[in-house]
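Novice: Take a look at this one; I'll ask things after.
Only the coordinates and a few stated rules stand behind these numbers; no lab work does. Bear in mind the structure is a predicted one, so any value in this text is a computation, not a measurement. Cβ: placed from backbone, ideal geometry, glycine included. Neighbour counts: every protein chain shown.
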Amino acid sequence: MAPARRSLRSWWVGRDPGLRATKRSARAAVLVPAIFAIAEFGVGDAQTSLFAVFGSAALLLFVDFAGPLPARLQSYLGLWLTGAVLITVATLCSPHAVASVAAMAVVGFAVLFAGIVSPRAVTASTAILLTFVLPVAEPAPASAIGHRLLGWALAGAVCIPAVLLVWTERWHDRLRLRLADAADSVADLLESLATDGAGQTGSDGARNRMGLALGALRDQYEATPYRPTGAGITDVALTSLVSQLEWVGARARDIEPGATPAALADSVADVLMAATGVLRLVASPIRAQASGPGTGTDGSAALAGGAGRLIAARQVATEVALARLVEGADSADPDASDPDASDPAGRNTAGSVRDIDPTFAVRMLAFAVEHLADAALGALGARRADVPSVRRGAQTVRSYARIAAGHFTYRSVWFRNSLRGAVALAVAVAVVEATTVQHGFWVVLGTLSVLRSNALGTGSTAVRAVAGTALGFVVGSLVLAVLGHHDVYLWAVLPVAVLVAGVAPSAISFVAGQAGFTVMVVVIFNILVPVGSSVGLLRVEDVAIGTAVSVVVGLLFWPRGATSELARALFQGYETATGWLVAAIDHVGRESPAGDGSPEFTRALAAAQRLDDAYRQFLAERGAKQVPLPRVTRLLTGCAAIRRSALTLERLPVLATPGAPPPIREVVVARTMVAESCGTVERWFGDVARSLDDPSKVMPAPQPMEARLPPELTDAWSAVRRAGRREGVFAILRLLWVEERLDDLRHLQTELAGTGTDLP
């Protein structure tokens with residue numbers, strides 16, 4: 001028996017990792033009947049009992065806020081206060097059909113649209129909607145408000161302390177902890193490269209540790225169900241830190257020990273140490289935040305100062321390196337590289353940008369760390385020119401309002417989804433008002449529980465919802481047939497019904513969850529109003545009506561779904577990001593590069609916002625499919641990498657001399673070649689993005705990786721050096737830097753080609 005018990009436990013733990021659903025359901029199995037009993041026997045009012053039992057189920061089973069204790073308490077209190085307001089409004093509207101339908105539409109839209117602000121709003125949406133659906137679909141006079149609020153207050157008074165204090169572990173934001181560990185590991189590598197000279201003694205071990213830390217960070221990010229992608233400045237910035245830090249790690253790997261010429265060693269060491277300092281200043285406050293607010297100083301002022309020192313060190317290193325490249329290496333210097341090395345045929349044979357510019361990797365690292373510092377300051381609620389703390393609250397509110405206003409358009413994914421859900425719920429209430437269904441709130445809940453982001457998903461879920469409800473009705477009828485209508489037996493069965501209703505959706509299946517919930521409702525209503533198994537039959541009918549409403553509304557408003565929307569947003573993101581990069585390349589060698597006000601810049605940022613919205617909607621979709629997030633996040637990483645390349649190119653110094661003659665022919669040829677390479681990269685990623693929505697499309701083969709620099713670039717480099725053209729040297733350097741970034745994107749193609757792109 002012991003092996004069988006171990007096997008059963010292993011199977012259960014595999015279905016419910018950490019036993020979170022089991023513990024949550026066991027807690028509810030104790031508290032829901034207890035609160036119900038207090039209301040039923042202590043108060044003796046049917047409205048109080050109804051709202052106490054369903055309010056406790058909502059707080060214990062429908063929502064589970066994560067975070068430190070103060071944040072969780074704030075979230076639960078906010079949910080309770082919101083519920084109290086909605087119960088009052090819904091009760092006042094419930095006797096009036098038109099008011100009920102209109103109020104349901106407004107409240108449904110507001111609750112669903114609030115998800116654009118915070119993942120916590122998404123987490124609580126079902127529980128919040130329940131506090132409006134239940135009273136508006138069960139008409140009652142205004143005099144019932146007090147009794148209903150008493151039941152809701154009883155549920156909150158018992159359940160909120162329970163969820164905060166019972167079966168709670170000391171909370172750590174694992175994503176922030178992984179971020180801090182990864183930042184420290186990159187800092188360790190840079191410090192070893194700066195202090196070990198040639199770097200052979202400690203850099204190998206530091207590289208391995210950095211790789212493990214960055215891998216753990218990526219794994220944690222992909223395992224986080226609701227990423228912090230709200231509209232607040234801290235939410236958005238924290239999300240971007242993951243890809244930013246991975247970019248820094250990739251740049252750190254490019255630095256080869258002992259590759260720096262002696263003449264440049266001091267300036268390179270200064271850059272590495274300044275970057276190390278910034279990474280330490282990023283890690284410390286992020287780690288402090290992981291245990292919740294108030295656990296340490298935010299460190300934003302120190303981080304802003306460290307970023308300033310890094311910029312100064314990078315500018316000095318850039319000036320030293322450019323002077324050396326323009327004036328030519330000292331042939332007497334044994335450490336000097338020969339940028340004009342050529343084969344017997346006279347062609348330049350430089351294998352990489354580092355052969356021409358040996359400090360390139362260090363300066364690119366500095367740019368990456370500067371971007372990281374900006375994102376980290378945003379995650380701390382600050383910016384490079386630090387914002388006084390008294391103004392941050394107002395700034396956050398303005399940020400929420402600005403983002404929400406920007407999404408109040410039919411082009412917004414979140415707006416369409418919120419509108420679709422609001423119309424579905426309003427139609428369900430209208431059906432309740434126009435028919436004589438008993439307990440009509442189940443029609444509305446049927447709509448809410450099965451509504452999905454595409455018509456096909458809705459239909460599939462509707463079938464399973466009705467099947468699960470029918471199964472629950474059969475089981476509930478058998479329970480009532482065996483137990484009769486003896487209250488003592490029903491009270492004894494209720495904890496088991498609550499336990500199964502809570503654990504089944506997570507650990508077993510959606511159908512089992514629907515069945516378990518139906519059994520629980522049959523038992524509760526037979527305790528409240530003994531009518532036998534007809535409660536289960538009524539719920540089957542009501543849920544069937546609700547699912548029909550959800551299917552119709554899904555067909556009318558958004559037949560394509562979140563996956564198709566994400567594919568379209570990815571394609572637009574790659575198209576606009578690459579257009580921005582091509583525009584920046586086209587200005588290479590000219591007196592003024594593409595600026596922040598360029599049309600390409602504006603289009604790329606707008607597309608990035610739409611892509612973020614589509615990604616968040618994709619994550620929040622309630623479909624039953626298992627989403628291969630690594631596949632999708634790699635595509636988003638590629639798009640962000642193109643935008644970062646364009647932004648980095650614009651931040652480079654203007655390497656053109658005002659009034660200089662037109663560029664020589666070789667520079668024009670090289671510029672055209674690099675721009676065409678950008679277009680080829682954009683088309684590849686565009687094909688991948690389109691294949692997300694069409695499984696019949698074959699994943700394109702990755703572009704070949706060239707072992708050496710393109711001959712157009714090396715020929716142009718040799719030509720400008722021979723001509724002594726300072727502005728030509730600057731122009732080719734920028735093109736070389738772009739080519740290096742394109743090489744990174746080709747490496748990403750190889751990674752993506754091994755994963756496939758169809759989303760099951």
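Novice: Mind giving me the nanometre distance, one decimal, between the label points for Arg634 and Leu81, set 7 Å out from Cα along Cα→Cβ?
Specialist: 4.6 nm
Novice: Determine, for Thr123, Thr637, Thr195, Thr131, the number of other Cβ atoms within 10 Å of each Cβ, and report the residues in order from fewest to most.
Specialist: Thr195, Thr637, Thr123, Thr131
Novice: Among Glu706, Glu40, what is the fewest-to-most ranking by other Cβ atoms within 10 Å?
Specialist: Glu706, Glu40
Novice: Next question, about the same structure. On full extension of the chain, what length is gained from Leu165 through Val43, given 0.36 nm per residue of separation minus the C-alpha to C-alpha distance?
Specialist: 41.3 nm
Novice: Between Ile508 and Val482, what is the spin-label point distance in nm, taking each point 7 Å from the Cα along the Cα→C-beta axis?
Specialist: 1.4 nm
Novice: For the stretch 18-171, what class follows from the C-alpha gyration tensor (a ≥ b ≥ c being the square roots of its eigenvalues): rounded when a/c is under 1.5, otherwise prolate if a/b is larger than b/c, else oblate?
Specialist: oblate
Novice: Just grab the label-to-label distance for Thr435 and Arg20, each label 7 Å out from Cα along the Cβ direction, in nm (one decimal).
Specialist: For the pair Thr435/Arg20, the computed spacing is 3.6 nm.
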